[in-house]
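Peer 1: Following this message is one structure expressed as structure tokens.
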Amino acid sequence: MPDGTLTVAVIGLGTMGPGIIATLARGGMPVRAHDLSPAAVERARAAVPQAAAVLDRLGVAPPTTGEGAVSFHDDLAGAVAGAGLVIENVPEKVEVKAAVYRALDPLLPAGTIVASDTSGIPITTLQGFLSHPERLVGMHWSNPPHIIPMIEVIAGEKTAPATVAFITDLVRSLKLLPVVVKKDVPGFVENRILYALLREAIDLVDQGVIDEEGLDTCVSWGIGYKLSVVGPMRLLDMAGLDIYQSVAGFLNADLSARRDVAGYVTERTRAGKLGIKSGEGIFPYTPDQIAALQAERARRLVAVRRILEGRDG
Ligand SMILES: NC(=O)c1ccc[n+]([C@@H]2O[C@H](COP(=O)([O-])OP(=O)(O)OC[C@H]3O[C@@H](n4cnc5c(N)ncnc54)[C@H](O)[C@@H]3O)[C@@H](O)[C@H]2O)c1
Ligand SMILES: Cc1ncc(C=O)c(C(=O)O)c1O
């Protein structure tokens, strides 16, 4: 069980880092942040207060002891010094994560818990790169991490139950929603659902069934809107299992079952068109548009969350 003295190190300060840092600090924990890119550190220095301002709008108050201090460290050893928890948040490549774990090993006492924000690499795979694998656990936040309250907690084959309990208690102490995933499958739960949806969405655009804007409108104002209130299992009962039985009977065989990544995406990633992070992906973005988009998305997500939590509306 985390106590009030827990210091957390966050390694990797890109898309996910600043929101995670702001959330932990708002929970009263000192946070020590590190990225091998000085540019990423500078971006994070600006992004953490921005995420904290969104937490203000969410009504997330620090404990009476006050907000945790955030410090940035050029070196990994400095970042993890005194940390009881290290959150690994580097790119989704096994070899990159493995190198971080190998670098962490001599720096950490055996009992320091290491939580990976991996999107779906099995935790058991990652446990092969860290001594005392019983202390490694999946702690899968969703983007933007300072707004989405659900965090998946995933044990690998060697993860100790106490490690899982530690992280679930920590998430609860932040007034967030831990979901313990019972099997260490690739993609866990959230991303298996999301990637099945994204595979179908890309396929529909690729086939010319609908264009990108139309696809987004259809999903955001249709099933996406509905799922924010009624989960898939409850939706089956709401629609009627007989309806699902009939529709799935012909539709399942027609859904995309591709095992590779669509050329629609591969062509873009190979061309460096990664999305907001590169200024263009499926859509083009100017810096002003990015700032306006991120502010508007935060505003809407905050408003929806407040309503779903029964605080507004
Ligand atoms: N982007 C998302 O929507 C999202 C959501 C949930 C989880 N994740 C997962 O979180 C992790 C991070 O994703 P992201 O989107 O923030 O990635 P990102 O590429 O935006 O940021 C990764 C950061 O790690 C830094 N880095 C790389 N190697 C490093 C090293 N050896 N030591 C220290 N820092 C290093 C990079 O400089 C970069 O700033 C991935 O495992 C990803 O799958 C991503
Ligand atoms: C496309 C995509 N891939 C992975 C994740 C999370 O692991 C997300 C997300 O959190 O939103 C995502 O959108």
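The values are calculated or read from the model by the stated rules, or taken from the named source; none is laboratory data. In this text, all values refer to a predicted model and were calculated from it rather than measured experimentally. Quick reminder, even Gly has a Cβ in these numbers, built from the backbone with ideal geometry, and neighbours come from all protein chains shown. Ligands, DNA and RNA are excluded from the accessible area calculation, which covers all protein heavy atoms including side chains. Shrake-Rupley method; radii C 1.70, N 1.55, O 1.52, S 1.80 Å.
Peer 1: Between I243 and A196, take the C-beta separation as r, use R0 = 25 Å, and let me know the FRET efficiency to the nearest 0.05.
Peer 2: Working: r = 20 Å, r/R0 = 0.78.
Once rounded, the FRET efficiency stands at 0.80.
Peer 1: State the extension gain, in nm to one decimal, for the chain segment bounded by V94 and L301, taking 0.36 nm per residue of separation less the distance between their alpha-carbons. If you can, show how the numbers build up before the last one.
Peer 2: Values: separation 207, 0.36 × 207 = 74.52 nm, distance 3.14 nm.
71.4 nm is the gain from fully extending V94 to L301.
Peer 1: Now for a different question. With label points built 7 Å along Cα→Cβ from the Cα atoms of T15 and K277, find their separation and express it in nm.
Peer 2: Placing both labels 7 Å beyond Cα along the Cβ direction yields 0.6 nm.
Peer 1: Leaving ligands, DNA and RNA out of it, report the carbon-plus-sulfur percent of the accessible area of the stretch 211-284 at a 1.4 Å probe. Before the final figure, lay out the partial values.
Peer 2: On the way: 3300 of 5630 Å².
After summing per-atom areas, the C and S share lands at 59 percent.
Peer 1: Under the 0.36 nm per residue contour assumption, what length would be gained going from the current alpha-carbon distance of A165 and L255 to full extension?
Peer 2: Working: separation 90, 0.36 × 90 = 32.40 nm, distance 3.84 nm.
Gain on extension, A165 to L255, equals 28.6 nm.
Peer 1: Which of K183/K273; K93/K183; K97/K277; K93/K277; K158/K277; K158/K273 have a Cα-Cα distance over 29 Å? List each step's numbers first, then the result.
Peer 2: Numbers: K183/K273 34 Å; K93/K183 21 Å; K97/K277 21 Å; K93/K277 18 Å; K158/K277 35 Å; K158/K273 38 Å.
Pairs exceeding 29 Å: K183/K273; K158/K277; K158/K273.
Peer 1: I'd like the distance between the alpha-carbon centres of the stretch 248-269 and the stretch 104-168, rounded to an integer number of Å.
Peer 2: For the stretch 248-269 versus the stretch 104-168, the Cα centre distance is 30 Å.
Peer 1: Taking the Cα centre of the chain as origin, sum charge times position over the Cβ atoms of Lys and Arg (+1) and Asp and Glu (-1), and report the length of that vector in debye to the nearest 20. Walk me through the numbers before you get to the answer.
Peer 2: Values: 30 positive and 35 negative charges, 100 e Å.
With Lys and Arg at +1 and Asp and Glu at -1, about 480 debye.
Peer 1: If you count only protein heavy atoms with a 1.4 Å probe, what accessible area per residue comes out for the stretch 9-98, rounded to a whole Å²? Spell out each step's value before the answer.
Peer 2: On the way: 3710 Å² over 90 residues.
Per residue, the stretch 9-98 has an accessible area of 41 Å².
Peer 1: Still on this structure: Whole number please: convex hull volume per residue of the Cα set in the stretch 150-198, in Å³? Mind showing how you got there, number by number?
Peer 2: Details: hull volume 2.9 nm³, N = 49.
Considering the Cα atoms of the stretch 150-198, their hull volume per residue is 60 Å³.
Peer 1: How would the stretch 191-308 be classified by its alpha-carbon gyration tensor: rounded, prolate or oblate, with rounded meaning a/c under 1.5 and the a/b versus b/c comparison settling the rest?
Peer 2: Cα axes put the stretch 191-308 in the oblate bin.
Peer 1: Given a 1.4 Å probe, how much area per residue of the stretch 174-228 is accessible, in Å²?
Peer 2: On the way: 3810 Å² over 55 residues.
Using a 1.4 Å probe on heavy atoms only, each residue of the stretch 174-228 averages 69 Å².
Peer 1: Select from V100, V48, G12 the residue farthest towards the positive end of the dipole of the stretch 8-181; place +1 on Cβ of Lys and Arg, -1 on Cβ of Asp and Glu, and compute about the Cα centre.
Peer 2: Among V100, V48, G12, the one farthest towards the positive end of the dipole of the stretch 8-181 is V48.
Peer 1: Roughly how many nanometres apart are two label points built 7 Å out from the Cα toward the Cβ at S71 and V180?
Peer 2: It is 3.4 nm.
Peer 1: For L235 and T266 in one chain, what is 0.36 nm times their gap in residues minus the Cα-Cα distance, to one decimal in nm? Intermediate results must be reported in sequence, preceding the final value.
Peer 2: Working: separation 31, 0.36 × 31 = 11.16 nm, distance 3.36 nm.
Length difference between fully extended and current span is 7.8 nm.
Peer 1: GNM on the chain, C-alpha springs below 10 Å: top fluctuator among D105, D288, D169?
Peer 2: D288
Peer 1: Extending each Cα 7 Å along its Cβ direction at A81 and D312, get the distance between those two points in nm, one decimal.
Peer 2: Simple spin-label model gives 4.3 nm for this pair.
Peer 1: May I pose another question? Compute, for the stretch 8-181, the length of the dipole vector about the Cα centre, with Cβ point charges of +1 (Lys, Arg) and -1 (Asp, Glu) only. Units Debye, rounded to 20.
Peer 2: Numbers: 12 positive and 15 negative charges, 55 e Å.
Here the size comes out at about 260 debye.
Peer 1: Here's something else I'd like to know. Report the residue, chosen from L55, L126, L204, that carries the largest GNM mean-square fluctuation when the chain is represented by alpha-carbon nodes joined by springs under 10 Å.
Peer 2: L204
Peer 1: What's the FRET efficiency of V219 with D56 using the Cβ-Cβ distance as r and R₀ = 25 Å, to the nearest 0.05?
Peer 2: Numbers: r = 30 Å, r/R0 = 1.21.
Taking R0 as 25 Å, the efficiency between V219 and D56 is 0.25.
Peer 1: Have a look at V205, P178, G231 and report the one farthest towards the positive end of the charge dipole of the chain, computed about the Cα centre with Cβ charges (Lys/Arg +1, Asp/Glu -1).
Peer 2: Highest projection toward the positive end goes to P178.
Peer 1: How large, in percent, is the carbon and sulfur part of the accessible surface of the stretch 8-181 at a probe radius of 1.4 Å? Walk me through the numbers on the way to the answer.
Peer 2: Details: 4120 of 6770 Å².
Taking all protein chains in place, the stretch 8-181 shows 61 percent carbon and sulfur surface.
Peer 1: Using the alpha-carbon atoms, what tilt in degrees (0 to 90, nearest 10) does helix 94-104 show relative to the longest principal axis of the chain?
Peer 2: The helix 94-104 is inclined about 10 degrees to the chain.
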